[in-house]
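The values are calculated or read from the model by the stated rules, or taken from the named source; none is laboratory data. Here the structure is a predicted model, which means the values were calculated and not measured. All Cβ positions, even for glycine, are placed from backbone atoms using ideal geometry, and neighbour counts span all protein chains on display. Just the protein is used for accessible areas: all its heavy atoms, side chains included, with ligands, DNA and RNA removed. Shrake-Rupley method; radii C 1.70, N 1.55, O 1.52, S 1.80 Å.
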Amino acid sequence: MHFESPVREPLILGKDTNYHTITEDICIETERRPSKYWFMSFGLALAVLTLLASCITYTIMTGIGVWNLNKTIGWAYDITNFVWWIGIGHAGTLISAILLLFRQQWRTSINRSAEAMTIFAVFCAGLFPVIHMGRVWNGYMNLPLPNDLGPLWPNFNSALLWDVFAISTYLSVSVVFWYTGLIPDLATMRDRSKSKARRNVLTFFSFGWTGSVRHWNRFELVCLILAGIATPLVLSVHTIVSFDFATSVLPGWHTTIFPPYFVAGAIFSGFAMVHTLLIIARKVMHLEKYITIGHLETMSKVLILTGGLVSLAYGTEFFMAWYSGYGYEQFVFMNRLFGPYWFGQWSMIAFNSCLPQLFWFRKIRRNPTITFIMAAFINVGMWFERFVIIVMGIHRDFLPSSWAMYSPTWVEVCIFIGTFGLFFTCFLLFCKYLPVIAIAEVKSIFKITRGGKPVGALVGADEQDYNGDLAFELAAQAKAASHGNGHSNIEMMDIGKTGPSH
Amino acid sequence: MENKDQKYWKGLDELNNEPEFAKQRQNEFAEKLPLGNILKEDDLGLNSNRRDFLKFMGFSITAATIAAACTRTPVKKAIPYLIKPEEIDPGVDNFYATTCNGCNANCSLLVKTREGRPIKIDGNPDSPFSQGGVCATGQGTVLSLYDNGRLPKPLRNKEEITWENLDKQVIAHIKESIASGKGVRILSGSINSPSTLSAIKDFSTKYPGTQHIMYDAVSYSGLLQAHKQMFGKALIPDYKFNKAKVIVSFGADFLGTWLSPVEFTKQYSAAKKTEVKEDYPIHMQFESRLSLSGSNADIRATLKPSQVGQALTSLYSKITGGSGSLELAGNTISHAANTLLKYKGRSIVITDSNDPDHQVIVAAINNALGNYGSTLDVVNPSYQRAGNDKDMIQLVTDMNAGKVGTLIIYGVNPSYTYPDTDAFNNGLKKVDNTISFAGMMDETSQNIKYIAPDHHFLESWGDSNPKEGYYSLSQPTITPIFNSRAATESFLVWAEATETSHYDYLKKYWKENMLSKQSQYSDFEDFWEHIVEHGFFTGKGNPGSLTAANTSLVSASVNKTSAQVASKNLEVVLYEKVAIRDGQNSNNPWLMELPDPISKVSWDNYACLSVKWADEHNVTDLNVIKITVNGKAVELPVLRSPGQTYGTVGIAYGYGRNYGKITVKDASGNNEEIIAGKVANGIGANAFPFAAVSGESILYNGATAEISNTGKNYELALTQTHHNMEGRNLILETTIDELPKYKAKEALGEVGSAQLISLWKDYRFPAHHWGMAVDLNACTGCNACVVSCQAENNIPVVGKDEVRRRREMHWIRIDRYYSVAETNHVYDDTKYHDKHLEIDAMYDKNKIDYENVKVAFQPIMCQHCSNAPCETVCPVSAISHSSEGLNQQIYNRCVGTRYCANNCPYKVRRFNWFRYFTNSQFDYTMNNDLSRMVLNPDVTVRSRGVMEKCSFCVQRIQAVKLTAKTESRMLKDGEIKTACMQTCPANAIVFGDLNDPNSEVSKLFANKRSYSILTELNTRPNVSYLAKVRNNIEDLA
C-alpha cells in the first residue's frame, strides 16, 4: 500500500517575510505610540476594572451578604467564576509546556500570548477564592505561616488548602516560564531601543542577555526543565480544583471522574479562549502571517478532542448515577435535566458537546468568523458547566426542607464582568509593552526555499492551500541572515535546531 | 538560667524548706486575698497599699461598667457595685421565679438574670402544670422588655407629665365622673391576679359604681357562658389531656394557642409516650385550616365554619342515641361518636367556637360522655380566661351613648382588636376622661388622654391564680428601665389608699389571704421567703362541688345550632399564630421572625386558601388579593395551604399594627423621639375587623368573604420552600400496632444496618460523649425551642428581606413535611420554578387531595457528627472535634469560606452575611444599647464573615462541669440541659452523656425507635431521632 503524506503548509506566511521583518512586525507594536483603538480599548478595560475594584470594596466593606448566596448555597457565582477562569488559564501552559515537549512547532506563534493569557486568567481566578472569604483580612490563615498560635497550621486535609498551593505554584511556574521565554526577546527589544531609559530598563529585565551560545544553551535547557515541571502542573491544578468538589459528600460533587473531567474541560475552555483572543489579536495587530488559518484549524481540532472528552465525562456521570443505584445522586442528575436550572444543563450540553461537532467540517475550521463565534459559545457553555456542577450540587441536596434557589445580585454580576476588565487591562498592557509573539522561537520555524526566499513567498500570504515544493538550504540561509541585523545569534541557533524536523 | 551549683533562695524558710513555707508555696498568693476587707466599708481608704489600690480600681471599674451597662436611666436607690449586692456575682447567673404574662395561661417561670438584667426565660420545672416548659411567646417576652419603643414616662395628651400631676388630675377627673353620675369603667384583659383584683376592688369601693369589664382579644366568652348555663358559674374546666384516651377538637388548637398550650402539650406528649395500645391517645381534629394540633391529629377532617354547628349537633345526637344530620368525608363524625362512646369518661371534646350555643353542645357532649369529673375538672376550674363579650359590647354601646365618665384601659388594645373598631373609637371620643396603662403607643393609646405606663411584668411584683388552688408570684427581675409604675399601684394611688406601694400591698394581701391557704408554713415571713424562691404554691382553693349539669337548655342550643346552614360562600377563618398570638407580641423581632410551624412563613400574614379553590379562582402564591368582608377590605398575599378547607380563607391575627411615635425630653432636656412598632408596623393586615359582633358574642369565624385579584405580587418570607420529603428516609413512622416489633434501623433498610468503614481513626471519648435524642413522636412542632435557642445563643434577627433570601440564622429549625395518602405519584417538574408551594411540582395535582395531608415535624440542629463532613474541608481548621464528641466552631479562626456549610448534609450551618450587631439595616435585637442587654454574656456575638451553628449549648455544659468540679462530684444525668431541651413543652429533646449507659439519652439511643438520618454517609451523628408513632387508622374507623 502506498501512502503519500500530505505536505505540511508553512507555519509562517507572507511574501516578503524574512527574519528582519519578523522582528520588525512584532517589535513595532511595542515601540510606536499605540493606536487610538488601543487607547479606547484600554480605557474601557480600565473602566471595567474600576467597576471590579468598587464592587469588591463594597463587598468587603459591607459583607458577603451583598451577594445572593444563602444558607443552602454557599458558593455560586464566586466559585463558578473561579473554576471558569482557572480553566481558561489552562491552555497557556499546555501550549508552552506540553506542546514543547511534543515538539509541536506550530505552538510558537501563539505560546507567548497564550501564556500571558494564562497568567492573567489565573489573576482573575485567584481573586475569587480570596474575595469569597467572609473575612478576607484573615485570609493569611490559609497559609502555613510560622506562628505563635500553638503553632496552629492550616488543615492539610482540606482541598481548599491544596487549592492554595496548586494555584500559587501554577501561577509562579507559569510566570517563570513565561518570563524565561521573554528574555531573548527583551534583549532584542533592548538592542533596538533608541532612548537610553528604555535601554536601561530593558537591560535590567533581559538580565544582560548577549545571545552567546552558552546563553542559548542554558536558555534551551531551562525551557525544557520548566516544561517538565509545568507539564504535571497542567494536570494537577485542575485536578486539585476538582477536589474542592470531589472530596465533599454531596451528590453531584462527590465523583471520582472529576479530575480527568475537569482537566479536559479546562483545556477545552482554555483553547476556546485562546482561540477567541487570537482571532481578535491577529486581526487587530495584523499578525495573520504568524497566526495563520492553520493555527486556528489546529486549535479547532483540539477543541473537538477535548469537547469529546468532556461529553464522555457528562455521559459517564449520568451512567454512574444510574448504575450506582444511589437515590440522591440520581435525583441530582434528574434535577439537572429537568429541574429549575435546566437551562444550565442544556446549554452546557448544547455548547460543549453538540456545537464542537461542527469542527469536523474543514470549511468551518478554517473560517475565523464562525470559529470565533463557536469558541465564544464554548466559553459560555463551560461557564454553565461549572454553574451546573456547583450550584446544582448544593441547591437540592439531602434534606428537601433546605432546598433553595439562587440568582446573582448586581454585585456578583459586576464582579464577574469586572474580572474581564482586569484581564483585558493586563492583556492590553502586555500587547503594548511586550512582544506578543515569541520572536526568537517563531523564527525557528521560519522556512526558507533553496533560492533563499521564504516559502511564504512562493505561495503568497493568503493562499489557503499550499502545494509548493519544500527545500531547505539551511547553512546558506544562516549565513545570509547573519548580517544585516543585530541578533544573528538567535537565528543561528534556531535554524540549526529546527531544520531537521521537516 | 539556673546555675547548677548555686541555689538562690528568698529567705531562710525557703532555704530550710520549713513545713510552714512548703504549705504556703502551694498557694498562688502568699497571703489570702483580702477580698472580704475590700468589701467592708471601714477598710476603704486608709490602710490601702499598692495592691489594694489596684484591687479597688479593678473592682470599681468593673462595678461601674456593670452598673452602667445594667441601668439605662439613673434609678432611685441605685447603688454602684462598690458594695456588691449580696446576690449578684458578676459572671454568675441568678434565677428568679416569676409568672409569665406573655399570654393569659400564666405559666410559672424561672428567669435567668445576669448582673441584674434578665436574659432568658425558662419554665419553672417544679410547676405541676407547665413543668418547666415554656412556649415561644413566653420566651419572647424578655426581648419585649428591652424594646426601646416602650413609653419612657407618663403622658398627658402625648406630652410628658409628672406622676404627681397625673395622679392629681386623674383623681380629680374620676371624682368629676362620679359626681356626674357617669361613673368609672375599668376595661382590662382577663385578670386572675388576686392582689390586682383586690386593688381594683378597693378602687371600686372608693368610687362606687365603678364597673370592671374584662375583655379578651380572642375571646373564650362562649366557653365561659356555656358552663355558666350548665354549672351555674362562668368557668373554664381544667382540662386533663393526659387522662384522655380520645381527644376530639373542633378547631381548638390546644397544642398551639388555645387556652394553655404549654400545659396541654406537656400532657398530650406525655400520654403519647406509652407503648400500650390501650392507653395510646386517639386525637381527632375537625377544623377549617391546618392548625398545629390538626397537624398532630390521627384523624383530621376539614369543615367550613358554617358546618361546625351541624357537625356538633350530629355528634351530640349520635352520642345521645340519635342520628346526626351531617356527615363529613370518610364518616369521621360517626367514627368520632363511636370512639368517644367506646371510651366513655376518658375523652375530651373541645371547640374554639365562641358561639355559646356551640359550647353548650360541646359541654353537653362531654357531660353525656361522663367527662366532667374525670378529664374535665369544673370543681377546680381554670381562671386563665375571664373575658365577657356581653360586657364589652355593652361598654361600647354605653361609650357611644355618652354614659361613660372615665375609662381606664388596662392591658388591652380594643382599637386594634375589637371587631367594630369604628364603634369603639367613636365611643372613646365620647368618654370624658380616658386613662391607659399601656406600655407602648399602641392603636388605642394614641387616642387616650392620660397614659400611666405599667411595668413590664419582668419589672414588676404581682401574683396570679391561673387555676383553682394554684397561686403564682411575680417578682421583678430588673429595676424598672423606664419611668413606669405598676398598674396596681396606680389603682391604689387613685383610690387614695393608705398603702400605695405595690410591693407592700401585695405582701400584705398575701399575708392576709394566702397564708391560710397552705399548711406548710405558719410564719408568714417563712412562707414569703419560700414563695419568692419557688414562685408558686398549690394550696386549698375554694373548690365547689361537682353539681349535676343543668341540661335543660341544651335542646334549645341544639335547635338553634342545627338551623345553621352550611354556606357555599367563601368563609373567613381567623386564627392565632403560635408566636404572634393576638398581636400583643407582634413588635417582638424574635417572634416576628419565627416561622409559622405549618406554613413556614415568617414576618407576614397571608390569606390561606385551599389549593383547589385557589386554582379554580385563578389565584396562586405571590398574588395579592383583596379580601372584602362586610365592606371592610384588606389586601394580603395568597398562600395556597394544604389542609385548608375548600371555600375558606384563613387569616392570622396580630398583623397590620400601627404603633405611634411620640416626642419626649430625655434626661439632658433634648427632644427624643420614641418610635414604637419598629418591627410590627406596616407588616401584614389586621384581621380582627373580620370578626363580627353578633348579639352578645363576638364570632370570629364564618363571615362571608369576597376576593378579587389585585394584580399585584408579593413575595412571602419562607424558611422552607419545599414541602415534600421526596420519599427519603428522613422521618420514620410506625404505628402503635407495629411498635412492639418495630426496629427503626431495620426500617431504614440496607443503610440502617450497613457496616461502614472510615478512612479516619475513630475518635475516642474518654470522659463524656455528648448526644441528643429527639422523640419525633413527642414533638408537636411548636417552635418553642427555636426561640429558646435564639435567646440563649445570641442569634441575630435578620429581617423579612433576608429570610426571603433564605438567610435566617436559627440554629435549630423544625422541618415540616406534608405527605398525602397513597396516590399515583406522577413526577411532573414543570412547576419547579414555583418558588413557594412546590408540592405541585411533585405530583399530578388532580389526583391529590390537598385537604387531607399528613404532617410530620423534625427538629434539625447540628448533628455533631463523629465523622463530620464540615471538619475535614475547612482550610483553616476552624472546626474541631472535642474530646467529648462536640463539633466545635471556632469563630476567631474562621475565615468564612463556607465550604463547611456546603458540605453539611443537614444544612445546619449559618453564615454571618453581615455585621448584624452594628449594621443599621438590621435594627432588631442587637443594634441599640437597650436591646443588647438581652444578650447572653456567655456566648460570643459573632462577627460578620464567620460560620456559626448549634454548639449543644457548650456554655451550659462548661458551666455545669465547673459546678460539679468545684463540688468535687461526678456530673449527674440530666443536669446539663440545652436551651432547646429545657424549653421543650413536649419533652421531646433529651441531652446527655452517651458514655454513661444509664443516662436517659443512652437509653433513648438504644430504643428500638432510634435512628439517625443520612447514616449512609457515615457521618455518625450524635443526634438520634425516635420514630414517630401513629394510631392505626383502620382501628379508628
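Restricting the stretch B:880-903 to residues that are more than 21 Å from A:PHE128 (Cα to Cα) and open to solvent by less than 10 Å² (accessible area, probe 1.4 Å), the residue that is nearest to the other protein chains (Cβ to nearest Cβ) is B:ASN887.
When B:ALA986 is tested against (1) closer than 21 Å to B:SER883 by Cβ; (2) touching a helix residue (DSSP H, G or I) at 6+ places or on another chain (Cβ under 6 Å), only condition (1) is not met.
Of A:THR203, A:THR188, which residue is touching a residue at least 24 places away in the same chain (Cβ under 8 Å) and away from every other protein chain (no Cβ under 11 Å)? Selected residue: A:THR188, the only one of A:THR203, A:THR188 that is touching a residue at least 24 places away in the same chain (Cβ under 8 Å) and away from every other protein chain (no Cβ under 11 Å).
Scan the helices (runs of 4 or more DSSP H) fully inside the stretch B:929-1024 and keep the ones with 3 or more residues being within 22 Å of B:ASP815 (Cβ to Cβ) and open to solvent by 10 Å² or more (accessible area, probe 1.4 Å). Give the steps one after another, and end with the answer.
Details: elements: B:954-966, B:979-983, B:1000-1005.
Where helices (runs of 4 or more DSSP H) fall fully within the stretch B:929-1024 and carry at least 3 residues being within 22 Å of B:ASP815 (Cβ to Cβ) and open to solvent by 10 Å² or more (accessible area, probe 1.4 Å), they are B:979-983.
When residues in the stretch B:397-428 are screened for being within 23 Å of B:GLY439 (Cα to Cα), touching a residue at least 40 places away in the same chain (Cβ under 8 Å) and either hydrophobic (A, V, I, L, M, F, W, C) or touching a Leu at 6+ places or on another chain (Cβ under 6 Å) (or both), 4 of them pass.
Might you check whether a residue that is open to solvent by 40 Å² or more (accessible area, probe 1.4 Å), in contact with a strand residue (DSSP E or B) (Cβ under 7 Å, 6 or more places away or on another chain) and away from chain A (no Cβ under 13 Å) occurs anywhere in the stretch B:750-761? No: zero hits. Return the residues of the stretch B:915-928 that are in contact (Cβ under 8 Å) with a residue 40 or more places away in the chain, within 13 Å of chain A (Cβ to nearest Cβ) and in a loop (DSSP other than H, G, I, E, B); say none if nothing qualifies. Listed by number, the residues that qualify are B:TYR916, B:PHE917.
So is A:SER311 polar (S, T, N, Q) and assigned to a helix (DSSP H, G or I) or not? Answer is yes for this residue. Of all residues in the stretch B:684-695, one or more are in contact with a helix residue (DSSP H, G or I) (Cβ under 7 Å, 6 or more places away or on another chain), assigned to a loop (DSSP other than H, G, I, E, B) and open to solvent by 10 Å² or more (accessible area, probe 1.4 Å).
Here A:THR169 passes the criteria (1) polar (S, T, N, Q); (2) at the interface with chain B (Cβ under 8 Å from one of its Cβ atoms); (3) in a helix (DSSP H, G or I) except the one numbered (2). Looking across the stretch B:410-450, the residues that are surrounded by fewer than 24 Cβ atoms within 10 Å (Cβ to Cβ) and assigned to a strand (DSSP E or B) come down to B:TYR410, B:ASN433, B:THR434, B:MET440, B:TYR450. Find the residue count for the stretch A:120-140, including only residues that are of a type in the set (A, V, I, L, M, F, W, C), open to solvent by less than 20 Å² (accessible area, probe 1.4 Å) and facing chain B (nearest Cβ under 10 Å). Qualifying residue count for the region: 1.
Any idea which residue in the stretch A:145-162 is least open to solvent (accessible area, probe 1.4 Å), counting only those that are closer than 14 Å to B:CYS874 by Cα and more than 8 Å from chain B (Cβ to nearest Cβ)?
If we take residues in the stretch A:145-162 being closer than 14 Å to B:CYS874 by Cα and more than 8 Å from chain B (Cβ to nearest Cβ), then A:TRP162 is least open to solvent (accessible area, probe 1.4 Å).
Inside the stretch B:500-520, residues that are assigned to a loop (DSSP other than H, G, I, E, B) and open to solvent by less than 60 Å² (accessible area, probe 1.4 Å) make up a count of 3. Of the helices (runs of 4 or more DSSP H) that lie entirely inside the stretch A:23-119, those containing 2 or more residues that are more than 30 Å from B:GLY945 (Cβ to Cβ) and open to solvent by 20 Å² or more (accessible area, probe 1.4 Å) span A:36-62. Can we say B:THR274 is in contact with a helix residue (DSSP H, G or I) (Cβ under 9 Å, 6 or more places away or on another chain), of a type in the set (Val, Ile, Thr) and assigned to a loop (DSSP other than H, G, I, E, B)? No, not satisfied. Does A:GLU288 satisfy being within 30 Å of A:SER35 (Cα to Cα) and open to solvent by 10 Å² or more (accessible area, probe 1.4 Å)? Answer is yes for this residue. Taken over the stretch A:63-85, residues that are polar (S, T, N, Q) and at the interface with chain B (Cβ under 7 Å from one of its Cβ atoms) amount to 3. Taking the listed residues A:PHE387, A:PHE423, A:PHE446, the one that is closer than 30 Å to B:ARG804 by Cβ, crowded, with 22+ Cβ neighbours inside 10 Å and in contact (Cβ under 8 Å) with a residue 60 or more places away in the chain is A:PHE387, with no other qualifying.
Give the number of residues within the stretch B:792-814 that are farther than 9 Å from B:ALA717 by Cβ and more than 10 Å from chain A (Cβ to nearest Cβ). So the answer is 8. A:ARG396 fulfils the conditions (1) of a type in the set (D, E, K, R); (2) outside any helix (DSSP H, G or I); (3) more than 14 Å from every other protein chain (Cβ to nearest Cβ) except for a single criterion, (3).
Quick grid of which residues meet (1) in a helix (DSSP H, G or I); (2) open to solvent by less than 10 Å² (accessible area, probe 1.4 Å):
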{"site": "B:HIS283", "(1), (2)": "no, yes"}
{"site": "B:SER293", "(1), (2)": "yes, yes"}
{"site": "B:ARG300", "(1), (2)": "no, no"}
{"site": "B:ALA311", "(1), (2)": "yes, yes"}
{"site": "B:LEU315", "(1), (2)": "yes, yes"}
{"site": "B:ALA336", "(1), (2)": "yes, yes"}
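How many residues does the stretch A:128-163 contain that are assigned to a helix (DSSP H, G or I) and touching a Leu at 6+ places or on another chain (Cβ under 7 Å)? Residues in the stretch A:128-163 being assigned to a helix (DSSP H, G or I) and touching a Leu at 6+ places or on another chain (Cβ under 7 Å): 1 in total.
Any idea which of A:ARG32, A:ARG103 is at positive phi and more than 14 Å from chain B (Cβ to nearest Cβ)?
Values: A:ARG32 fails: at positive phi.
That would be A:ARG103, the only listed residue that is at positive phi and more than 14 Å from chain B (Cβ to nearest Cβ).
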